[in-house]
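Each reported figure results from applying straightforward, stated rules to the coordinates on display, with no laboratory input. The model shown is predicted, which means the values in this text are computed figures rather than measured ones. Here Cβ is always computed from backbone atoms with ideal geometry, including for glycine, and neighbour counts include all displayed protein chains.
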Amino acid sequence: MRRRDKRRDESEAWALFRRAPAVRLASTTADGAPVLRTVHGVVHRGAVLLHSAVKGEKIGCLGRQAVIAADEVLAEVPSSWLDPERACPATTLYRSAMAHGRLVERKEGQAKAEAMQALMERFQPQGGHRPFGDGFYEKALRSIRVIALEVERVEAKSALGHGKPETWRRAVAEGLWESGQLRGLRAMIDDGCWRFDGPAGVELMPVMGPAELAEAVSLLTPMYWNEHIDEERIARAQLASPAWVGARHDGHVVATARAISDGAKLAYVMDVAVAEPWRGKGVGRAVMELLLRHPAVRACRRVELHTKTAGPFYATLDFQRPVDPAWRQTLRLSRA
Ligand SMILES: CC(C)(COP(=O)(O)OP(=O)(O)OC[C@H]1O[C@@H](n2cnc3c(N)ncnc32)[C@H](O)[C@@H]1OP(=O)(O)O)[C@@H](O)C(=O)NCCC(=O)NCCS
């Protein structure tokens, strides 16, 4: 029963292979010796392609059954979050994928060139090299071999709380937030294993990321402080901030806030916005409270921001204007 809870859709396995920085290949040689190698693999037309030297261990596996595996360890869960005494609940949150099949060689020049182009596009997406396929690499291609795992079956698993009781999922989600294991927390949210409810039916997002980027940028672009800043730069600033939180409704971004932080002395809050239809419902306050409790912000002695228009809003969160007139546009929340 537990095992079935962890099993995920095939598409998740393919997605994990596509984003894995490296995959592991397991097979055997003709004399039955086990082979386990970490390799660069690319998903291409239903196969996983890898390259190899002309001779070597991988070549010895050609024609044989093999497994390619990828995994992501997302968080460590100590037993104490779930039980004050027993060690048994200690666990790891992860995603994993396995593809089973047979290793065959792609010998033909065009197939080799296509495979190498796919590998380059995966691992050097910025380009910066002459593409394969026009004969330029003919000699180079003779000194490598391309191996394909022709996939017969894929499996995906994730251990993120599927099938666990709500008390487990709550304790783990809160523990991840408190301990700053935000990748694991985001994975639980993405997999529907946890949701932080906010005011007015919104979902509070303790970790925003690429999935929210376009909508967050649309919300921020018209704001007066971004008047001379292009969308691409706004986007980069969002992604580079150690603390980026927000709120969603029906999966769409309705609020966003971020902070840059040194994690100790100072955090600086920027780009706070609530979509117009959602203002005045407590969403801005909830998002700011979340940001102030963010692992990158909560330990800072001072949290600062600049605002022309929203002073009264921040005053409700205990931000105060410094007395020195030289700082009159700066609001500061002082901590002991
Ligand atoms: C400022 C902003 C983020 C506030 O978000 P919001 O969701 O409307 O605010 P909330 O409903 O959570 O209000 C929280 C509290 O602040 C008060 N408040 C909110 N906006 C206020 C304003 N403009 N003036 C005075 N008080 C305000 C509310 O009355 C409420 O007080 P209460 O808790 O005592 O009832 C939102 O209005 C916004 O996005 N404005 C445009 C962008 C902007 O100015 N961002 C800040 C730039 S630094």
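Between Arg285 and Ala240, what is the label-point separation in nm under the 7 Å Cα-to-beta-carbon projection?
Each label point lies 7 Å from its Cα, and together they span 3.5 nm.
Using the alpha carbons of the chain, what is the convex hull volume per residue in cubic angstrom, as a whole number?
Roughly 194 Å³ of hull volume per residue.
Please give the contour-minus-distance gain from Leu266 to Val67: 0.36 nm per residue of separation, less the Cα-Cα distance, rounded to one decimal in nm.
66.8 nm
Starting from the Cα-Cα distance between Val104 and Glu152, subtract it from 0.36 nm times their residue separation and give me the gain in nm to one decimal.
Result: 16.0 nm gained on full extension.
For segment 2-159, count all C-alpha to C-alpha pairs, find those more than 26 Å apart, and express that count as a whole percent of the total.
Within segment 2-159, distances greater than 26 Å cover 37 percent of Cα pairs.
Quantify how much of the Cα-Cα distance distribution of segment 99-258 extends past 24 Å, in percent.
59
Can you order the peptides 163-169, 232-238 by their average number of other Cβ atoms within 10 Å per residue, highest first?
Listed from highest to lowest mean packing, they are 232-238, 163-169.
With an 8 Å cut-off on Cα pairs and a minimum separation of 6 or more residues, tell me the relative contact order of segment 195-334 in percent.
Relative contact order here is 21 percent.
Within the set of other residues whose C-beta is less than 10 Å from the C-beta of Val202, count the net charge using Lys and Arg as +1 and Asp and Glu as -1.
Numbers: positive: Arg248, Lys281; negative: Asp197, Glu203, Asp250.
Residues near Val202 contribute -1 overall.
Hey, how many Å between the Cα centroid of segment 9-69 and the Cα centroid of segment 300-317?
Using only Cα atoms to place each centre, the spacing works out to 53 Å.
Given Lys107/Lys157; Lys112/Lys139; Lys55/Lys107; Lys58/Lys139; Lys58/Lys157, which pairs have Cα atoms separated by over 23 Å?
Long pairs (Cα-Cα over 23 Å): Lys107/Lys157; Lys58/Lys157.
Subtract the Cα-Cα distance of Phe313 and Thr92 from 0.36 nm times their separation in residues, and report this length gain in nm to one decimal.
Extending this stretch completely gives an extra 75.5 nm.
So how far apart, in nm, are the two label points at His252 and Glu76 if each is 7 Å from Cα heading toward Cβ?
4.2
Under 28 Å Cα to Cα from Lys164, which lysines show up? Leave out anything in the same chain fewer than 8 places away.
Lys6
Would you kindly give the portion of the calculated P(r) for segment 195-334 that falls above 19 Å, as a percent of all Cα pairs?
Within segment 195-334, distances greater than 19 Å cover 49 percent of Cα pairs.
Cα axis of helix 109-123 to longest principal axis of the chain: angle in degrees, 0 to 90, nearest 10?
Compared with the principal axis, the helix lies near 20 degrees.
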